[in-house]
Amino acid sequence: MTPTRLCLAELESIAPSQRPRLDPRQLQVGILHLGLGAFHRAHQAVYTEDAVAAAGGSWGICGVSERSPRVADCLRAQDGLYSVITRADEGSSIRVMGSVRQVMFAQENPDALVGLMADPSIAVVTSTVTEKGYRLNPATGRLRGDDPEVGADGAGRPPRTVPGQLGWGIVERWRRRSGPLSLVCCDNLRHNGGTLRQVVLDFCSLLAPGERRGLEGWIEENVSFPSTMVDRIVPATGSQDLIEAQSLLGVDDRGVVVAEPFSQWVIEDSFPAGRPAWERAGATLTADVEPYEVAKLRVVNGAHSALAYLGSLAGLHLVSEAVRDERLARYLELLLDQDVIPTLSVPPGWDLDAYARSVAARFANRAIHHRTAQVAADGSQKLPVRLLGTIRDRLQAGAEPRWAALAVAAWMRYVSARRSDPGEELPVDDPLAGALEARLAGAVTPAEIVDRLLGLRAIFPPELADSEVLRHLLVDHLAHLGRFGTWATVEAETAGA
Ligand code: CS2
């Protein structure tokens, strides 16, 4: 017998402690969200539901699937409902969420999406479309104007890219005089608010001059781009998770997501058209997100990427296995203590050492099956934000960033050897995969590989590409990784440090 599917009509059959904290039927949509992946469902959607439960407001979410109709179809069949399993080593709990009230697949009806952005009922547009979704040059943080898809959107086809959707949405809102709006980037980008603002302005500059006269001034006065720091580990959902959701809920939920207990959201408080009372749900609203953002990207994400590359090369499939290996744990400590933390300045009262230690503890959660391959994906987009800023700051301070350079060398080995030490194939899942392959063609020695990759301007800015100190570190590390393998390299490096 096929089990009953989660939907509004089935809510009564679910234990009260597992039901949404508000009545989904009563909730009007006020937020448009681009990128209906697991992270949004376990992060902003939860904060929003809790905020509305505590303080009210018309803040239901219209969630937009960007690349595939799968999630939109699944949630549509469930009246927008799905559940979040919060998992710790000690056990798990589940909760059905009711804040997603409407779903759309962007590619199916791009004009409707633009129309919704211009609708006065929408006051906030949030996005989690991953780093590559913004189609940036990762080294400069500017929109890639030479991207043909962006160009086609700029020329006026119904938009298919995120910059096109946001750009045309803003234009339409301006034309219809629908009032102010906030665009809130919730991806792991540096200065994510300012970066998104630049993406939108860069996109608008592609439009015909007649089409955009006065637009920039209107954006200046009416559209805010608050920066945010988002943090919660939410791996891709697996088939076991669907089975667990069913046994916990008693109904079938194909939209379930799994997350760690920890969750953090720091938001720049700049919302000209209003916002949910997210502070009532545990978010921090502040005037300056920057220190939190840099610390999070360099500590949590920097550590994640370092473990993902070294772990994958060593043949480890899960982040929890990597961080539980004492050699990699020691490496992580050195990376954070000696390279990352010295580059950070945080608000008074923030204990950076404790923050760094808490990250290792979070990664060690065995109930979260976060694959090293998932974190290793899109390295070209992630390295600049997560590791290269640390390296640049340490070099400027006259220091040798050995540990951060080892992580970058591990990425270089990952994309050039494409095999782990035990011989498994390592997939290079990256928007620049073609460019990486082309650059690496015929490169054999560590020095050749390093020079070819350092020459990729989309990743390495000139100040890093031209640094002899960095080049030397990378060649040295890469040679060791190739000759002696990952374990011997990590052991030799950390011994006596
Ligand atoms: C991870 C992040 O996949 C990745 O690259 O580093 O998704 C990470 O889990 C989150 O940023 C944690 O907040």
In the set Glu211, Glu216, the lone residue that is at pLDDT below 95 and either out of contact with any helix residue (DSSP H, G or I) (no Cβ under 6 Å at 6 or more places or on another chain) or of a type in the set (Asp, Glu) (or both) is Glu211
Only residues that are of a type in the set (A, V, I, L, M, F, W, C), open to solvent by 10 Å² or more (accessible area, probe 1.4 Å) and farther than 20 Å from Leu318 by Cα: list them for the range 231-248, please. Ile243, Leu248
Failed condition for Leu453, given (1) out of contact with any helix residue (DSSP H, G or I) (no Cβ under 7 Å at 6 or more places or on another chain); (2) in a helix (DSSP H, G or I), with all others met? (1)
Only one of Pro384, Pro427 that is assigned to a loop (DSSP other than H, G, I, E, B) and touching a residue at least 40 places away in the same chain (Cβ under 8 Å): Pro427
Can you name every one of the helices (runs of 4 or more DSSP H) wholly within the range 262-366 that holds 1 or more residues which are surrounded by fewer than 18 Cβ atoms within 10 Å (Cβ to Cβ) and not aliphatic (A, V, I, L, M)? 290-296, 319-324, 326-334, 352-363
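Yes or no, residue by residue, for (1) in contact with a helix residue (DSSP H, G or I) (Cβ under 8 Å, 6 or more places away or on another chain); (2) closer than 11 Å to Ser127 by Cβ; (3) surrounded by fewer than 18 Cβ atoms within 10 Å (Cβ to Cβ):
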{"position": "Gly154", "(1), (2), (3)": "yes, no, no"}
{"position": "Thr161", "(1), (2), (3)": "yes, no, no"}
{"position": "Ile170", "(1), (2), (3)": "yes, no, no"}
{"position": "Leu183", "(1), (2), (3)": "yes, yes, no"}
{"position": "Asn188", "(1), (2), (3)": "yes, no, no"}
{"position": "Gly193", "(1), (2), (3)": "no, no, no"}
For the structure I just gave you, tell me whether Glu90 is surrounded by fewer than 19 Cβ atoms within 10 Å (Cβ to Cβ), of a type in the set (Asp, Glu) and without any contact (Cβ under 8 Å) to a residue 12 or more places away in the chain. yes
Can you tell me which residue among Thr390, Thr372 is of a type in the set (S, T, N, Q), away from the ligand (no atom under 13 Å from the Cβ), open to solvent by less than 20 Å² (accessible area, probe 1.4 Å) and under 22 Å from the mean Cα position of the chain (by Cα)? Thr390
All positions within the range 114-161 that are among the small types (Gly, Ala, Ser) and either in contact with a strand residue (DSSP E or B) (Cβ under 6 Å, 6 or more places away or on another chain) or at negative phi (or both): Gly115, Ala118, Ser121, Ala123, Ser127, Gly133, Ala139, Gly145, Gly151, Ala152, Gly154, Ala155
Those helices (runs of 4 or more DSSP H) lying entirely in the range 127-234 with at least 1 residues within 19 Å of the chain's Cα centre (by Cα): 162-176, 192-204
Go through (1) touching a Pro at 6+ places or on another chain (Cβ under 7 Å); (2) open to solvent by less than 10 Å² (accessible area, probe 1.4 Å) for Pro384 and report which single condition fails. (2)
Do we find that Arg419 is open to solvent by 10 Å² or more (accessible area, probe 1.4 Å), within 29 Å of His472 (Cβ to Cβ) and not acidic (Asp, Glu) in this structure? yes
Can you name the condition, by its number, that Leu242 falls short on among (1) away from the ligand (no atom under 16 Å from the Cβ); (2) touching a helix residue (DSSP H, G or I) at 6+ places or on another chain (Cβ under 7 Å)? (2)
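The values are calculated or read from the model by the stated rules, or taken from the named source; none is laboratory data. The model shown is predicted, which means the values in this text are computed figures rather than measured ones. Ideal geometry is used to build each Cβ from the backbone, glycine not excepted, and the neighbour counts take in all protein chains shown. The protein model used for the area step is the full one, side chains on, heavy atoms only, and it has no ligands, DNA or RNA in it. Shrake-Rupley method; radii C 1.70, N 1.55, O 1.52, S 1.80 Å.
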